[in-house]
């Protein structure tokens, strides 16, 4: 398992626990929990995003949001900002926030305990 895969497994466990408790986490909170700076989280979250997509699961990464905007950053589908900053704020029509809230709700009610990714990251 690569270091990035190990990080994805670590993030997965944290996100599943948060989703089970219907908690939204900021990139900064995730940084404090894992030690991985917010600017370096994108590749790890992308692995989780890809796994969820391939497995037809809700986007677990939707519960990780910008502390400033309250919505997921540039990796979340439909994001339209030019910058690649996880704290970016571009969402002029509010559609990104609506999609994020929908996915957060789906993530909160998913039976994550029955989904063990193993080394699929």
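The values are calculated or read from the model by the stated rules, or taken from the named source; none is laboratory data. If you're wondering where the values come from, they're calculated on a predicted model, not measured in any experiment. No Cβ is skipped: glycine too gets one built from the backbone with ideal geometry, and neighbour counts run over all protein chains shown.
Table for the structure above
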| item | result |
| --- | --- |
| Residue tally, condition in contact with a strand residue (DSSP E or B) (Cβ under 8 Å, 6 or more places away or on another chain) and within 10 Å of residue 107 (Cβ to Cβ), over the range 12-28 | 3 |
| Filtered residues of the range 105-118 (kept if out of contact with any helix residue (DSSP H, G or I) (no Cβ under 7 Å at 6 or more places or on another chain) and over 13 Å from residue 58 (Cα atoms)) | 113, 114, 116, 118 |
| Count of the range 46-70 residues which are under 8 Å from the mean Cα position of the chain (by Cα) and in a loop (DSSP other than H, G, I, E, B) | 1 |
| Any pair with Cβ under 6 angstrom, 6 or more apart, that starts in the range 95-121 at a residue that is more than 25 Å from residue 4 (Cβ to Cβ) and ends at one that is modelled with pLDDT under 90 and in a loop (DSSP other than H, G, I, E, B) | 96/71; 96/78; 96/79; 97/71; 97/91; 99/78 |
| Some residue of the range 31-45 being modelled with pLDDT of 95 or more, assigned to a helix (DSSP H, G or I) and farther than 21 Å from residue 112 by Cα | yes |
| The range 71-104, residues that are in a helix (DSSP H, G or I) and either modelled with pLDDT under 75 or in contact with a helix residue (DSSP H, G or I) (Cβ under 9 Å, 6 or more places away or on another chain) (or both) | 99, 100, 101, 102, 103, 104 |
